[in-house]
Structure formats: structure tokens, C-alpha cells
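Only the coordinates and a few stated rules stand behind these numbers; no lab work does. All of these numbers come straight from a predicted model, not from anything done at the bench. Because the Cβ atoms are built from the backbone with ideal geometry, glycine has one as well, and the counts that use them run over all protein chains shown.
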Amino acid sequence: MHELAITESVVQAVTERLPDARITCVRLEIGALSGVVADSVRFCFDLVTEGTNLAGARLEIAEIAGRCHCRVCGRDFEPDGPIMICPCGSIEIAVLSGQELKIASVQAAA
Amino acid sequence: MCATCGCSSAAVVRLFPASHEHEIGEHDSHEHPGHEHLGHEHERTVQLQQKVLAKNDRLAEANRDWLRQRGILAINLMSSPGAGKTTLLERTARDLGGQMAISVIEGDQAAALDATRIRAAGCRVVQINTGAGCHLDAEMVAEGLRVLDPPGGSVVVIENVGNLVCPALFDLGEQARVVLASVTEGADKPLKYPHMFRSADLVLVSKTDLLPYVDFDTRRHAADVRKTSPGALMLQLSATTGTGMPDWYDWLRRRILAPPE
């Protein structure tokens, strides 16, 4: 359940950047290959924001699909789960997207 | 958890035997002044575009610099609970004691049982108790290194909390990640915990002395490690009988002689 620590990192990062603003919305990008479960972050968010300047904020998570490029057959494909194997059987792949774990933006009460 | 800001890094770091204790996240002047929100407010969008783990990554990089400056090799040793991390380190410390200065940062949710064992094997050791935490992070390791004060040119093994999920995400500032997979756990772990195996530089298959008694397909396991981590080196060993240990020691020596930039 590292999502608790992940969610705490989100709150800490936002609080450091905008210590005096009341935050009304937090927008995250979480990739399918990031190892972080978006639903678990949603579960932790209210708990972790309580008593902070993010309390009551809405959480919006953009879940980014995984995309890989096969270095053997040259095709781009969406991996089936976190094991990245090309339909051609190759494991020589490069990850194009899906590893994001990012705070995109926040809404702050002006 | 700090009730004010939500930070929960209440890990306790102590040199073993205990001479000093410090709680990470003790707040001296960590105040959050109240905010007044009067009337209707307009909202503005602030673009952050920052990695969630940016702070941990920054601290990990600082650890890495600190270690590099002292010529210290740091290894992040990870596995499920009971895979034999501590037994491996005990044997390693006893076998290499005269040749290599090894110290250990022990991570567990509670207790100092592992630190007691490592200490008895002749190593300097710091125990970090993570409390509710399921992994070590770079801040805990920074404090662990400060308390441990390892000598230049030595090896520091960071024995992470036994867990095949969470530790994979947290860079500690190590030069190498070693994942221990015991034959008693079953061969299916690489496919079930791919993030952990993907991050490994070296996968050690442990407890091979028990292979005759368990249903563990070494070939399938190796193939599945390869699928998740094409670049990882794999070795088999038994810390009980000593079989395969020289290969692990050779790997350690190579890493010390040629630390990666």
C-alpha cells in the first residue's frame, strides 16, 4: 500500500509549492505501468489531505495507457498488463508511455 | 502521521546497539498557519507538471552523491519477507569480514531482531523501524547513513522492508538493486510482481539447498525474470550450505572495483 506514501508526497509537494493557497482541485497523471493504483490513491486522498490546505479538494486522475515500441519487429503496442512483451514474443522493447506519476496542475482559490 | 500536514515519516533510526534515536519528521518549527477564506473566491489553475516522487528522487540523488564522494558501494537488497535477506548478509559478513568493510541499514516495520543478528555477525548496523510504512524511502536512508557513518571505500547494504511491491518505487540513492527470490516462495513471483523484478540489477535465487524438497522450476523462473527484466544478472545460491556464494562475492567485488558513474 505505497499509495498512502505516494498520496502524502502529492500533498507535500503541493503544500511546498503553494503553502498559502486553498487548493480546490488536484490533477494527477498516473500511468498504467507506474506501479501505482489510481483507485488506491483516491481512497487515501481525503484521509491524507485532512487538516491541510488541500482539505476538501477534488481529485482528478488521468490514467495514461501503457504504450511500448518493439525493437525487434518495430511495431508499437499496448502491453497486456505490466509485463511488457510484444505480440511477436520479443522482450526487447522501449516504453513510450504509461510510466507517468505526475502532478499536472492544481486549482487554487485566488 | 503529523496531524497538521499529513506527513507520516515517523520512522525511527537507531544505531545498534542503541546509542542514539531520532524520529524522522519530528517537527521543530513546522507550522501551518491557518488560512482565512472570506466571501466568494475566484479560482486559478496552477501548472505544476512535477513528478510525484520528485522530493524522494532529489533526496536519493543527494544520498548517491554523498556515497560516491566517499567511494562507498550501496546496495538496495529487496525481497518478500522470509526470502533470506538477513541470512545472506550474516553469511556474507562472516565470509568476507576480513576482506571487505560491510555495514548494514536494516529496514523493518518493527523490532531490532535483524539488527541483532547482523551485529552478531560482526557488522556495524543501523535499524530503521518504519512503523506503518511498507518500504524505506530516501529520507530514512539519509538519516540511516548519517547515524551509521560508514567508512570510505566500504559497502553498505540496505536491507529493505520485506515486500515485493512498494520498495520498487522508491529510489534510495543506491548504486545497485539486488532482488532475492527464494525457491520456497515458488517460481511465479517475477510475473506476479513485475515492478520489483524490472528494477533489479541482480536477481539472487536463494535457498537452493531446498530445491529437492520444493516444486520450483528454475528454468521457468529464469525465463520469467528475463521477461520482466531483460538486463538483470541471475545467480543461484544457498547461504546455508555456501553453494553459489563465491559468485555473489565476485559480483560484489566487481561492483566495488568498478563503481558505475
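Structure notes:
- Sorted by Cβ neighbour density within 10 Å, fewest at the top, the residues B:Ser154, A:Ser97: A:Ser97, B:Ser154
- The angle between the Cα long axis of helix A:3-17 and the main principal axis of chain A comes to about 60°, on a 0 to 90 degree scale.
- Förster radius 41 Å - calculated FRET efficiency between B:Asp57 and A:Ala110, Cβ distance, rounded to 0.05: 0.85
- In this simple spin-label model, placing a label point 7 Å from the Cα along the Cα-to-Cβ direction at both B:Thr243 and A:Ile83 gives a separation of 2.7 nm.
- Taking a straight Cα-Cα cut-off under 19 Å and skipping sequence neighbours fewer than 8 places away in the same chain, the lysines within cross-link reach of A:Lys102 are B:Lys51, B:Lys55.
- Using θ = phi - 60° and Karplus 6.51 cos²θ - 1.76 cosθ + 1.60, couplings along region A:93-105 (whole Hz; Gly, Pro as x): 10, 10, 7, 8, 7, x, 9, 5, 8, 9, 8, 7, 7
- Mean Cα-pair separation over length for chain A, i.e. relative contact order, pairs under 8 Å, 6 or more apart, %: 36 percent
- Between helix A:38-49 and chain A: long-axis angle, C-alpha atoms, 0 to 90°, nearest 10: 20 degrees
- Partnerless Cys - chain A, beta-carbon criterion under 4.7 Å: A:Cys25, A:Cys44, A:Cys68
- Descending principal axes extents, region B:54-255, alpha-carbon based, whole Å: 43, 39, 33
- Mean separation of Cα pairs under 8 Å and 6 or more residues apart, divided by the residue count, gives region B:54-255 a relative contact order of 25 percent.
- Lysines with Cα under 21 Å of B:Lys207, excluding same-chain neighbours fewer than 8 positions away: B:Lys85, B:Lys189, B:Lys192
- Taking region B:66-126 and dividing mean pair separation by its residue count, relative contact order in percent (alpha carbons under 8 Å, at least six apart): 31 percent
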